[in-house]
Structures are given as structure tokens and as C-alpha cells.
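A.B. asks: This structure is in C-alpha cells; I'll ask about it shortly.
The values are calculated or read from the model by the stated rules, or taken from the named source; none is laboratory data. Here the structure is a predicted model, which is why all the values come from computation and not from measurement. So basically every Cβ, Gly included, is an ideal-geometry build from the backbone, and we count neighbours across all protein chains shown.
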Amino acid sequence: MKPIKIGLVGVGAIARSQHIPALRENPLFKLEACASRNAHVEGIDNFASFEGMLDARPDLDAVTICTPPQVHYDAARLALTRGKHVFLEKPPCATTAQLDHLALLARQSNCVLLQSWHSRHAAAVYATQRMLEGRAVRTIRITWKEDVRQWHPGQEWIWRAGGFGVFDPGINALSILTKILPRAVFVNEAHLYIPENCQAPIAADLNLSTDAGTPIAANFDFRHTGLQTWDIDIETEEGSLRLSEGGNRLFADGKPVATAEVEGEYPSLYRHFADLVAKGVSDVDARPFQLVADAFLVGTRMIVDRFDP
Ligand code: NAP
């Protein structure tokens, strides 16, 4: 099979740390071009605009979109209407209706849309999902606390309207939750802590539940220094599970559970994307995004101290 010729839009932190290395190591893809206003990638065609890239390289089969979420829809729409398969970074779009429309455009243009949730590809997520099958869950607690200055230096977009604030990492936890639980999940209450000089929350407390009434508490905090924490604690009738390190390690009753050797989140995502392209099938799951939107709908807003990155 000929490699999928791919272009990349938005050369920033995640493009450089994950997408470009994963693409360069995967023989199913050939990274041919990128579009970025201020960045340059050695050894491929570089363009200052996405439209310029599509005009100059009509032979591209697919594009990966790594821009901030506020501009995901426009880029993905342009790609789909030009007949390109799309790998779309999380969070998918600025609004939920935009994502619905992209899924429709993908169907109409016979293109594949991979609306990615990278944390679902972490090493221990599948094992956790399997262990929960048939178990009665009593409670779930999500603790997702990280230092925004360490992980998002200089990213002003995250604090603007549509930038998601602490939900940028928090949506990763919700993507795991909705993957491992075979039930509907609802937001009952939310407290959103918004710095007085920002439009997006720096912290959030969510009270959720499943359709079976299982309580789920989530605490997201961007102000956390020291040990970074990305844990999901699950109490079941048969004992406790801790999915730790952003989905990468699993403990049952405090003891580590061995998980299968995995290739890494982004190599796994690109293998999935190549498989979807071969089958002509899209992968879109709006549930984590819907939960964030619902938290904004029912959330009580609390104005907190200004934040200067
Ligand atoms: P980033 O470092 O800010 O990079 C995004 C790039 O997009 C920028 O460098 C910029 O490059 C380009 N861009 C195009 N339009 C833009 C606009 N209107 N405002 C700002 N930049 C614009 O962000 P990132 O961390 O790579 O995140 C990008 C996406 O990946 C986000 O949706 C994020 O949630 C997701 N993601 C990030 C991580 C992570 O750890 N960082 C992990 C997983 C997923 P030019 O100026 O050169 O055009």
C-alpha cells in the first residue's frame, strides 16, 4: 500500500513533541508539508497558510490539525471540502454544533474524520475498561491537577473565550471516563473558577453521575505545583482501582496491574487513523466535549485572582 501523504497545520508544542515524530516513524504515512504562520519544519514543504498548502499540494491525501480549538472548525471544514481525510486534535472545536457539522461534511465528502482523544490510547485505559466490565461501580473520583506554566507556557489562546482553560487537560480525563464506563454520564453541578483577567477557568469542580446514579466527582486544577496528578479512583463492589499517570498505570487494591506493551499514544493514534482511512470509516465521539459544554451550561462561575502566565 502506498503511504498516506499528509500535511500538518499548526506547528506548535504538540505537533513537534508528538505528531511529527509519530508520523516520521510510521511507514504508513509520509509527512509532506506543513502550514504554520511562524514555524518551519526541516525537510518538507512549508507554507504560511493552510489554503496555500492545499492549493500547492493537491496531491495530499490527509491533514492533521494541531491549531488551537478556536480555529479547528475552519481548518477541518476547508480540508474536508477539498477531499482530505482529517486527523483533528482535541478539544475538537469551539462549539458542539461545529463538530456535528464536521461529521456531516466527512460523510458527504467521503472523507475520514478522526476526532482524536489521545488519552484513550494511554497504556492502561483498555485494561481498566476490561476490568470494569461486569463490576458494580460505587463511586469515581477524578483528580487532574497540573501546573499550567509547565505544560502550556505562552499559550494565550487557552485563556481566551473558546480556549477551554483547565478543561483543555480536563477533557482528557472525561475522554477516559466515557471510554471505560459502559453507561451514560451527566453533569449535575459545576463550579468554574475564572481568573478576573481571563475568559476560561483555571480550575473546576464537577459533580457528575451515571444514568445508574453512580456519583462521580472531578477536580481539575491548573494552579498545581509539585507532583503532577492525573488520577481516576474507582471504588467497586469488588475492590478499588486507580488509573494513574493520565491513564498509563493501573493499580487494583493498591497493587500494580501489568498491562500489555503499548506503542505510545500518538503512534497508536496514527495506526488507528491509517486503519480508518483503509476502511473509509470516521471516528467521532462527542461525549467528552458534551460534558464540558454541559459544565459551562450549568456551572456556577466564581471570579478568582488574576492569572499572569
Ligand atoms: P501551541 O503550542 O500554541 O501550538 C498551536 C500552533 O497553532 C501555534 O504554534 C500556531 O502556529 C498555530 N495557530 C494557528 N492559528 C492560531 C491561532 N489563532 N492562535 C494561536 N495559534 C495558532 O498549542 P499546542 O499545545 O500544540 O496545542 C494545539 C492543539 O493540540 C490544542 O487543541 C491542544 O489542546 C492539543 N493538544 C495539546 C497537547 C499538549 O500537551 N500541548 C496535548 C494534546 C493535544 P503558527 O503561529 O506558526 O501558525
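A.B. asks: Restricting attention to region 68-88, which residues are buried (at least 24 other Cβ atoms within 10 Å of the Cβ) and within 28 Å of Glu245 (Cα to Cα)?
C.D. replies: Listed by number, the residues that qualify are Pro69, His72, Phe87, Leu88.
A.B. asks: Filter region 21-45 down to residues that are of a type in the set (Lys, Arg) and within 11 Å of the ligand (Cβ to nearest atom), then give me how many there are.
C.D. replies: 1
A.B. asks: Let me ask another. Filter region 1-11 for residues that are modelled with pLDDT of 95 or more and either more than 14 Å from the ligand (Cβ to nearest atom) or farther than 18 Å from Val86 by Cα (or both); which is surrounded by the fewest Cβ atoms within 10 Å (Cβ to Cβ)? Walk me through how you get there before you give the answer.
C.D. replies: Residues of region 1-11 that are modelled with pLDDT of 95 or more, as a first pass: 3-11.
Those left that are additionally either more than 14 Å from the ligand (Cβ to nearest atom) or farther than 18 Å from Val86 by Cα (or both): 3-6.
Numbers: Pro3: 15, Ile4: 21, Lys5: 17, Ile6: 26.
In this case the residue turns out to be Pro3.
A.B. asks: Moving on to the next point. Could you tell me whether any residue of region 206-226 is within 16 Å of the ligand (Cβ to nearest atom), crowded, with 19+ Cβ neighbours inside 10 Å, of a type in the set (Val, Ile, Thr) and at pLDDT 95 or above?
C.D. replies: No, every residue in region 206-226 fails to be within 16 Å of the ligand (Cβ to nearest atom), crowded, with 19+ Cβ neighbours inside 10 Å, of a type in the set (Val, Ile, Thr) and at pLDDT 95 or above.
A.B. asks: Take residues that are more than 30 Å from Thr259 (Cα to Cα), in contact (Cβ under 8 Å) with a residue 24 or more places away in the chain and more than 15 Å from the ligand (Cβ to nearest atom) and tell me which of the helices (runs of 4 or more DSSP H) falling wholly in region 94-179 contain 1 or more.
C.D. replies: 96-108
A.B. asks: Select, from Phe273, Phe307, Phe251, the only residue that is in contact with a strand residue (DSSP E or B) (Cβ under 6 Å, 6 or more places away or on another chain), assigned to a loop (DSSP other than H, G, I, E, B) and not basic (Lys, Arg).
C.D. replies: Phe307
A.B. asks: Give just the number: which of (1) away from the ligand (no atom under 14 Å from the Cβ); (2) in contact (Cβ under 8 Å) with a residue 40 or more places away in the chain does Gln18 not satisfy?
C.D. replies: (1)
A.B. asks: Hey, Leu114 hits all of (1) more than 13 Å from Trp230 (Cα to Cα); (2) more than 18 Å from the chain's Cα centre (by Cα); (3) not aromatic (Phe, Trp, Tyr) but one; which does it fall short on?
C.D. replies: Every condition holds for Leu114 apart from (2).
A.B. asks: Using beta carbons and a limit of 8 Å, which pairs, at least six apart or on different chains, have the first residue in region 35-64 and outside any strand (DSSP E or B) and the second one among the hydrophobic types (A, V, I, L, M, F, W, C) and exposed (fewer than 14 other Cβ atoms within 10 Å of the Cβ)?
C.D. replies: Qualifying pairs under 8 Å: Ser36/Ala48; Arg37/Ala48.
A.B. asks: Restricting to region 68-93, give me the number of residues that are basic (Lys, Arg) and within 14 Å of the ligand (Cβ to nearest atom). Please lay out each step first, then the result.
C.D. replies: So in region 68-93, the residues basic (Lys, Arg) come out as 77, 82, 84, 90.
Then drop every residue that is not within 14 Å of the ligand (Cβ to nearest atom), which leaves 90.
Result for region 68-93: 1.
A.B. asks: Considering only residues that are closer than 23 Å to Arg271 by Cβ, surrounded by fewer than 22 Cβ atoms within 10 Å (Cβ to Cβ) and touching a helix residue (DSSP H, G or I) at 6+ places or on another chain (Cβ under 6 Å), which ones fall in region 91-105?
C.D. replies: Across region 91-105, there are no qualifying residues.
A.B. asks: Would you tally the residues in region 200-234 being outside any loop (DSSP other than H, G, I, E, B), in contact (Cβ under 8 Å) with a residue 24 or more places away in the chain and of a type in the set (D, E, K, R)?
C.D. replies: So the answer is 4.
A.B. asks: Filter region 180-191 for residues that are assigned to a strand (DSSP E or B) and out of contact with any helix residue (DSSP H, G or I) (no Cβ under 7 Å at 6 or more places or on another chain); which is farthest from Pro68 (Cα to Cα)?
C.D. replies: For region 180-191, the residue satisfying everything is Asn188.
A.B. asks: Something else about it: From the residues in region 250-295 that are closer than 26 Å to His85 by Cβ and among the aromatic types (Phe, Trp, Tyr), which one is nearest to the chain's Cα centre (by Cα)?
C.D. replies: Within region 250-295, the match that is nearest to the chain's Cα centre (by Cα) is Phe289.
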